[in-house]
1. Step by step: first the residues of region 366-389, then only those that are more than 22 Å from residue 439 (Cβ to Cβ) and surrounded by fewer than 19 Cβ atoms within 10 Å (Cβ to Cβ), then the one that is modelled with the lowest pLDDT. Which residue is that?
2. Is region 562-574 home to any residue that is more than 13 Å from residue 14 (Cα to Cα), assigned to a helix (DSSP H, G or I), out of contact with any strand residue (DSSP E or B) (no Cβ under 6 Å at 6 or more places or on another chain) and in the same structural domain as residue 343 (by TED's automatic domain parsing)?
3. Pull up region 507-548, narrow it to residues that are over 27 Å from residue 412 (Cα atoms) and surrounded by fewer than 24 Cβ atoms within 10 Å (Cβ to Cβ), then point me to the one that is modelled with the highest pLDDT.
4. Considering only residues that are without any contact (Cβ under 8 Å) to a residue 40 or more places away in the chain and in contact with a strand residue (DSSP E or B) (Cβ under 9 Å, 6 or more places away or on another chain), which ones fall in region 483-507?
5. Please specify each residue of region 191-217 satisfying the condition of being buried (at least 19 other Cβ atoms within 10 Å of the Cβ) and in a helix (DSSP H, G or I).
6. Could you tell me whether region 10-17 includes any residue that is part of a loop (DSSP other than H, G, I, E, B) and either at pLDDT below 90 or crowded, with 23+ Cβ neighbours inside 10 Å (or both)?
7. Does any residue of region 344-365 turn out to be over 30 Å from residue 50 (Cα atoms), at pLDDT 90 or above, more than 30 Å from the chain's Cα centre (by Cα) and assigned to a helix (DSSP H, G or I)?
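The values are calculated or read from the model by the stated rules, or taken from the named source; none is laboratory data. If you're wondering where the values come from, they're calculated on a predicted model, not measured in any experiment. Quick reminder, even Gly has a Cβ in these numbers, built from the backbone with ideal geometry, and neighbours come from all protein chains shown.
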């Protein structure tokens with residue numbers, strides 16, 4: 001029987017993918033999350049969220065008359081410099097089985113439809129290898145299950161192992177398809193799972209091994225341009241590989257690969273992360289460029305330019321991977337990870353995110369010039385300049401509106417000081433870009449005036465008693481901190497060692513720390529959810545970067561190590577963490593967290609080794 005997924009820590013998982021498609025593999029070699037139509041589509045393997053969900057396990061037999069019911073967990077790792085995962089599992093008598101999981105690199109010919117490849121080999125033998133398929137349709141019971149000479153077809157999902165599987169009823173409306181194959185040392189077979197096209201043929205072991213080698217070579221070739229050489233090289237590599245795995249052909253990464261993995265187990269803090277946020281796309285442009293990945297940075301910037309041109313004003317908080325509006329949030333009647341509800345698909349469409357305009361203007365405004373050097377001149381980079389100007393004009397009328405902020409709080413909107421700082425950033429950058437192209441540009445004068453107005457409001461309403469910035473600009477809000485203010489260390493109007501930045505960072509660290517980790521804001525803030533939150537890994541890595549910018553190197557390394565200490569053997573990171581259990585929580589892999597890790601590592605690289 002397949003292990004209850006909620007008993008397998010999130011850190012004991014690997015995300016395999018190739019950009020458009022992805023799946024989660026657990027430490028017992030079970031795939032229990034897979035969306036064959038693309039990361040944002042309905043999954044067909046979703047046991048991660050409900051015992052009735054589909055799953056596929058391959059490994060030493062543990063359900064036969066002579067097989068033990070319990071086997072030690074596998075040794076799940078990524079092959080170095082790749083998104084190819086390998087799990088070494090031990091069966092009866094210490095006999096070992098290797099299961100290699102990957103989605104082929106785009107261009108191989110087999111990646112169409114996101115077909116998963118699993119290469120199974122006996123490292124010692126003889127060993128009985130068990131294949132288990134738990135069929136389920138998209139968030140519903142299986143409607144059409146049919147055995148084939150090579151495996152089983154479940155609705156539109158074809159699972160091929162090269163030999164028949166037999167159906168076994170396990171209870172009311174519960175079924176699995178299973179087979180056991182004895183392997184001698186060195187023997188093996190391939191398992192594939194992907195959308196049924198009617199023309200699938202089982203993959204031979206030799207063909208699967210060649211495909212695995214080609215995919216590994218392609219990943220290592222992609223990673224070879226990495227410019228970072230600091231002490232966190234392994235973590236930086238894994239972070240960039242994770243982000244690339246979440247980045248579709250259009251160029252922008254989705255926020256995470258999963259939905260409804262709670263930030264705090266048992267709570268209602270569940271969201272669907274399989275969509276794109278403007279902040280993540282903007283961060284991808286800057287971070288990938290700084291790390292040496294010029295082509296990927298250009299692709300992310302192209303996505304931003306297209307989205308700026310096409311998106312209505314105000315910009316929606318989320319877009320899909322193609323830059324189109326995502327579906328609205330829908331609650332699903334599923335049990336949830338560790339009984340955490342609601343399980344949702346889609347996103348809230350009514351959240352106002354004014355914070356994002358500064359991030360976008362900061363990374364794409366400078367490239368909105370054609371061959372003549374003026375915004376609006378004909379050229380491949382100029383088409384979105386008018387739309388970006390329109391967005392900045394909209395921001396001039398609305399930057400003082402209450403909003404949900406960078407954390408997309410679902411509580412009452414507030415006039416957040418961090419949003420005011422991002423508005424200042426948008427106006428300041430856009431005025432500079434326009435003035436560089438035309439010193440007499442009237443829009444530049446208007447935007448510069450708005451930048452001064454934003455800064456005047458911050459000076460009047462945004463300071464706490466100690467001289468640092470506070471969360472809310474309302475006079476009655478008190479001096480509460482917010483980790484979003486840490487960004488002032490690298491995007492604000494002050495140098496990193498300025499007393500405003502230092503006071504802000506010190507207040508945030510003093511009042512929001514949980515050991516080495518950091519909460520986003522105080523518990524008493526009404527964010528629309530009942531109960532406490534867990535510390536946030538993005539906030540913690542922003543602290544590491546801010547401290548590095550301030551040249552407080554030892555403190556910065558301590559925050560970095562606090563995050564890295566939570567990573568499991570695969571190194572992928574989620575949104576948040578339980579500081580008591582030292583377990584990852586929330587959707588994973590998290591694009592914002594992995595990008596922030598790279599940013600913090602790059603900042604620390606400038607300091608003493």
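1. 380
2. yes
3. Result: 516.
4. 500, 503, 504
5. 208, 211, 212, 215, 216
6. no
7. No, the conditions are met nowhere in region 344-365.
Quick grid of which residues meet (1) modelled with pLDDT of 85 or more; (2) surrounded by fewer than 16 Cβ atoms within 10 Å (Cβ to Cβ); (3) in a loop (DSSP other than H, G, I, E, B):
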| residue | (1), (2), (3) |
| --- | --- |
| 93 | yes, yes, no |
| 109 | no, yes, yes |
| 119 | yes, no, no |
| 130 | yes, no, no |
| 133 | yes, no, no |
| 146 | yes, yes, no |
